[in-house]
1. Restricting to segment 319-359, give me the number of residues that are touching a residue at least 60 places away in the same chain (Cβ under 8 Å), within 29 Å of Arg226 (Cβ to Cβ), surrounded by fewer than 19 Cβ atoms within 10 Å (Cβ to Cβ) and not hydrophobic (A, V, I, L, M, F, W, C).
2. Which of the following residues is modelled with pLDDT of 95 or more and in contact with a helix residue (DSSP H, G or I) (Cβ under 9 Å, 6 or more places away or on another chain): Gly174, Gly162, Gly192?
3. Would you be able to tell me the number of residues in segment 154-166 that are of a type in the set (Val, Ile, Thr) and over 23 Å from Gly281 (Cα atoms)?
4. Phe282 fails exactly one of the following numbered conditions: (1) of a type in the set (A, V, I, L, M, F, W, C); (2) outside any helix (DSSP H, G or I); (3) touching a Pro at 6+ places or on another chain (Cβ under 9 Å). What is the number of that condition?
5. Which of the numbered conditions does Ile93 fail, given that it passes all the others? Conditions: (1) assigned to a helix (DSSP H, G or I); (2) at pLDDT 60 or above; (3) of a type in the set (Val, Ile, Thr).
6. For segment 367-398, give me each residue that is more than 18 Å from the chain's Cα centre (by Cα) and part of a helix (DSSP H, G or I).
7. So Glu260 clears everything in (1) surrounded by 16 or more Cβ atoms within 10 Å (Cβ to Cβ); (2) at pLDDT below 95 except one condition, right? Which one?
8. With respect to Leu30, determine if the residue is modelled with pLDDT of 90 or more, part of a helix (DSSP H, G or I) and of a type outside the set (Phe, Trp, Tyr).
Amino acid sequence: MLIFKKVRLSLQQSIALGFLLIILLGTALLSLPISNRSAQALSFADALFTATSATCVTGLVIFDTYTQFTQFGQLVILLLIQIGGLGFMSVSIFFLMVVGRKISIKERSLLMESINTPQIGGAVKLVKRVLFITVILEFAGALLLSLRFIPRVGTTRGIYFGIFHAVSAFCNAGFDLMGSFKPYGSLAPFSGDLIVNLVVVLLIISGGIGFIVWDDLMNNGLRIHRYKLHTKVVLSVTPVLIILSAVLFYFLEKDHAFAEMPVGERLLAALFQAVTPRTAGFSTVNTSGLSEVGIVMTMVLMFIGASPGSTGGGVKTSTFLVILLSVISYIRNRNDLNIYGRRLEDSLVRRAFSSITVYLMLVVSGVILILLNQNLPFEKVLFEAFSAIGTVGLSLGVTRELNTYSRFVIILLMFIGRIGSLSLAMALAERKHQNVLRNISERISIG
């Protein structure tokens with residue numbers, strides 16, 4: 001007689017499974033003939049790649065979104081972007097609240113893990129604010145973008161384009177409908193448009209700083225002394241990265257990707273290039289035209305990514321800062337890691353180093369698997385791997401050259417990047433118990 005035990009999933013496993021089910025549903029919908037302009041069913045592998053890229057808010061594409069998919073298919077992609085950006089638990093909790101169902105402790109715990117908030121008590125309140133902030137910012141962005149698109153494509157399409165790109169920008173997805181001007185051109189037709197550039201940049205930043213920060217800002221306004229340490233860190237690191245990167249891109253690319261641009265457009269392109277790798281995937285210039293140093297800088301920014309609890313990916317700004325401060329502290333021979341008058345716990349430092357280690361191991365593994373299977377330029381494959389796991393969407397033009405095997409590698413990297421490399425490792429490693437007895441310690445030589 002077989003005894004079937006009830007499967008109990010951890011929080012991380014539940015979130016990973018939820019994203020997987022959404023991706024599979026999106027794959028089924030995008031495979032339908034009604035989703036494709038050719039009226040032919042899309043292959044499972046191609047539909048899966050697109051659905052994963054949309055749900056994981058990445059933006060890597062093997063088809064131009066506008067020329068390949070019908071409006072129904074585009075709306076499916078838009079819905080996947082919105083769900084993926086907010087987190088499926090946030091959307092699920094919203095519908096539960098609409099129907100008046102009480103939110104259980106387990107559902108609150110899942111929500112807490114999904115939006116990366118440290119407190120379970122205010123999780124439902126936070127999701128209400130998340131949805132409020134999302135609606136307000138996406139509506140404002142859609143309105144401003146529509147004003148620029150309407151003169152180019154007409155009223156109805158202009159409004160539709162405004163909504164699509166506002167959602168895609170706020171969710172850091174990078175999907176676009178600019179194939180109506182030039183397939184695979186992203187926002188290049190509007191590289192000199194001040195309004196389009198600034199609106200998209202502000203939406204990317206707004207979605208990328210994280211909902212925990214937005215909640216803190218709404219609670220405390222301009223009373224900076226009352227901000228949480230997390231908020232102070234994010235609001236410090238984000239502008240520094242943007243300004244420093246923009247200045248470097250301006251001078252590095254003036255004779256390369258920005259060579260044919262007037263000064264004003266070059267400034268916009270430098271700002272856009274500093275923001276989009278963290279982790280939006282839009283582009284106003286040809287990424288392949290960047291200098292070698294510019295490509296390396298872009299990979300570094302893709303590696304860092306957005307902030308925790310946001311619509312973006314990467315190892316996160318706070319993780320990057322913890323690693324940087326830890327190295328500085330070690331060089332100065334200091335035991336404690338201090339910032340803004342607060343000491344960071346040792347467990348936080350270990351988690352940061354573990355997260356980055358797993359992240360880099362996955363990138364290296366992905367690159368090796370692709371190179372073993374296809375003869376492609378190493379730098380392009382490395383860029384693609386960083387873009388996939390960072391849920392960025394920028395590419396050096398290699399995405400459409402990948403065969404089915406390599407695409408599945410990229411699919412896996414996108415999925416891991418959205419769930420979180422460390423969270424996925426924790427989900428797969430079922431730690432049943434913690435040992436009470438500990439081994440005797442002994443030193444080894446390091447460095």
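1. Initial filter on segment 319-359 (touching a residue at least 60 places away in the same chain (Cβ under 8 Å)): 320-321, 339-340, 342, 351, 354-355, 358-359.
Then drop every residue that is not within 29 Å of Arg226 (Cβ to Cβ), which leaves 320-321, 339-340, 342, 351, 355.
Imposing the further condition that a residue be surrounded by fewer than 19 Cβ atoms within 10 Å (Cβ to Cβ) reduces the set to 339-340, 342, 351.
With the extra rule that they be not hydrophobic (A, V, I, L, M, F, W, C), the set shrinks to 340, 342, 351.
Summing the residues that are touching a residue at least 60 places away in the same chain (Cβ under 8 Å), within 29 Å of Arg226 (Cβ to Cβ), surrounded by fewer than 19 Cβ atoms within 10 Å (Cβ to Cβ) and not hydrophobic (A, V, I, L, M, F, W, C) in segment 319-359 gives 3.
2. Working: Gly174 fails: modelled with pLDDT of 95 or more; Gly192 fails: modelled with pLDDT of 95 or more.
The match here is Gly162.
3. Within segment 154-166, the subset of a type in the set (Val, Ile, Thr) is 155-156, 159, 163.
Still in the running and over 23 Å from Gly281 (Cα atoms): 155-156.
Count: 2.
4. Condition (3) is where Phe282 drops out.
5. Only one criterion is unmet by Ile93, namely (2).
6. Once the filter is applied, which keeps residues that are more than 18 Å from the chain's Cα centre (by Cα) and part of a helix (DSSP H, G or I), segment 367-398 yields Val367, Ile368, Leu369, Ile370, Leu371, Leu372, Asn373, Phe378, Glu379, Lys380, Val381.
7. Answer for Glu260: the failing condition is (1).
8. On the way: modelled with pLDDT of 90 or more: yes; part of a helix (DSSP H, G or I): yes; of a type outside the set (Phe, Trp, Tyr): yes.
The answer is yes for Leu30.
The values are calculated or read from the model by the stated rules, or taken from the named source; none is laboratory data. Owing to the predicted nature of the structure, the values given are computational and were not obtained by experimental measurement. Neighbour counts run over all protein chains shown; Cβ positions are idealised from the backbone, glycine included.
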